[in-house]
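Peer 1: Here you go, one structure.
Coordinate-derived values only; no laboratory data. The structure presented is a predicted model; accordingly, all values stated were derived computationally and were not measured. Every residue, glycine among them, receives a Cβ derived from its backbone with ideal geometry; neighbour counts consider all protein chains shown.
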Amino acid sequence: MRGRALGLCVMVAVTVIALAVPALAHHTDQVDPDDTEGKLDLEQVAFEGAPSWRMATFASWTVRSIWDLGNFIVQLDTKGDAAADYVAVVRSDGRRLVAALYRLRRDGREIELSVLRTEKNGSKAVTLTVPLREVSIGPNRTSYSWSVLSSFTGGNCARTCLDAVPDEGMVEQPLISVSPTPTPTPSPSVGSAG
């Protein structure tokens, strides 16, 4: 009886901790050093649970100044294999920022799925929202991973200047609406011979 009660306490403690982790990870900020030439050197990426990413740069830029020169890209790994399965791209059309979501096929093709909401925030930032209903996340997954990339060509960037946040790897983001299901433990059979 004592072992069964201890097992129940451990299962409750694990469930409480597992439920608390997504709440703590609901808002993830990534700070990046001033380490890349060009207008789109990322200073900070703030994640908000919509999910939305606010990407702020060190330098000021305008929609017109990055037209055909710069992009912001959010990469999403929804399968857990450390490879991007989707990319959301923000670019300028010369008058406004536009964004689209693409599914990356294993053969290298990119399939455009939908137009996304994006907006410029002040002189140094852009926000992008990717509704999770637009991507396929496996039924048993409790998280997905993301990273951000900026690219800029022009000025000090004779070749394309790239900046990744984080510099290596991806950020694991728990799915807020998912709560782990406890794994049942087998109970001893009644009346079994020992």
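Peer 1: Stokes-Einstein diffusion coefficient for segment 49-156 at 37 °C in a medium of 0.692 mPa s, Rh from the Kirkwood formula over Cα pairs: what value in µm²/s?
Peer 2: Here the translational diffusion coefficient equals 225 µm²/s.
Peer 1: For the peptides 55-61, 156-162, what is the packing order when you average, over each peptide's residues, the other Cβ atoms within 10 Å and list the highest mean first?
Peer 2: Top of the packing list down: 55-61, 156-162.
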